[in-house]
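Below is one structure; the comments refer to it alone.
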Amino acid sequence: RGATRMATTHIKRSTSASRLVNYAEKRAIKKDGLNLDIQYAKSEFKQVRAVYGNPGKTQAYASRIAFSPLEFNPQDPHDQTSVLAVAKEVYAKAYPNQQVALYEHADTDSLHVHAVIGAINLETGQKMHGNWHQYRDHLVHITDQVCQEHGLMVTRPDPNRHEKRSMAEIKLRAQHQPTWKDQIRQAVDHTMQNPLIRDFQAFQDDLKQQAVKVWERGKNLTYQLLGTNYKSRGTKLGIDYEKETIF
């Protein structure tokens, strides 16, 4: 049972619920909501924030569940309906007291549902507390339960999602030679673990100490090994190195 047969999950915090909705709604083939009217998702997220007067930067969490193309055909209307129902069940179990807006996309080879999860618990008025590792483990656990109930393959984190690798890299790794992209990834990982790095300037300065230059280019970040012509966009390195994740 290969990895392609399994559902994959992802979750990360966001400072703007509206921006997440705008992104997810654009390409949605189907949508649904939990504890909110999906037609008015942005205003309802905003209303709850106003009611609870909850300060802090995190407004919502961006999450995604993708389903194997061996189990669901992205172009099949019946499969599209099934996937949205399974995803809704997962988020209803995982976040029963949160607002969740669900948007299904069929623009890749696997049907996937983007969820915008309001940070505020409607019963307590408190924000979600913890870290994204805990949130992902929680989501993976619930997804496994629901998938098993529906006779679907259980979740595996997608190994290619966080670090994308080219064939050249894979071959070098097989020979146990670190690649220049690995050098960049390790430098970024090291910088991101430093709690004193709070803004992009500090991020740039810290990476420079590790012989990596980084700059913004539109929606992307570009990284370069100092003194070489080796450079790569964050999107080529993996989701952990993309501009949105870093910011």
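For this structure, a couple of remarks:
- Residue check for residue 15: of a type in the set (Ser, Thr, Tyr) and open to solvent by 70 Å² or more (accessible area, probe 1.4 Å): yes
- Residues located in segment 116-147, provided they are open to solvent by 60 Å² or more (accessible area, probe 1.4 Å), of a type in the set (S, T, N, Q) and at pLDDT 85 or above: 124, 126, 145
- Residue selected from segment 79-107 under the condition hydroxyl-bearing (Ser, Thr, Tyr) and touching a residue at least 40 places away in the same chain (Cβ under 8 Å), by the criterion surrounded by the fewest Cβ atoms within 10 Å (Cβ to Cβ): 81
Residue by residue, here is whether (1) assigned to a strand (DSSP E or B); (2) over 24 Å from residue 10 (Cα atoms); (3) open to solvent by less than 30 Å² (accessible area, probe 1.4 Å) holds:
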position: 195; (1), (2), (3): no, no, no
position: 213; (1), (2), (3): yes, yes, no
position: 221; (1), (2), (3): yes, no, yes
position: 229; (1), (2), (3): no, yes, no
position: 232; (1), (2), (3): yes, no, yes
position: 244; (1), (2), (3): no, no, no
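- Checked against the criterion of being outside the structural domain of residue 12 (by the TED database) and farther than 26 Å from residue 133 by Cα, the candidates 191, 179, 235 yield just one match: 179.
- For segment 120-144, the set of residues classified as in contact (Cβ under 8 Å) with a residue 24 or more places away in the chain and on the phi > 0 side of the Ramachandran plot consists of 125 only.
- Top-ranked residue of segment 196-244 - restricted to ones that are out of contact with any strand residue (DSSP E or B) (no Cβ under 7 Å at 6 or more places or on another chain) and among the polar types (S, T, N, Q), ranked as farthest from residue 180 (Cα to Cα): 201
- Scanning segment 69-78 for residues that are loosely packed, with under 14 Cβ neighbours inside 10 Å and either of a type in the set (A, V, I, L, M, F, W, C) or under 12 Å from residue 117 (Cβ atoms) (or both) yields one hit, 70.
- Pairs where the first residue, in segment 218-245, is at positive phi and the second is modelled with pLDDT of 85 or more and surrounded by 15 or more Cβ atoms within 10 Å (Cβ to Cβ), C-beta under 8 Å, 6+ apart: 238/185
The values are calculated or read from the model by the stated rules, or taken from the named source; none is laboratory data. Bear in mind the structure is a predicted one, so any value in this text is a computation, not a measurement. Methodologically, a virtual Cβ is constructed for each residue, glycine included, from the backbone with ideal geometry; neighbour enumeration extends over all protein chains shown. Remember, those area values only see protein heavy atoms, side chains included, never the ligands or the DNA or RNA. Shrake-Rupley method; radii C 1.70, N 1.55, O 1.52, S 1.80 Å.
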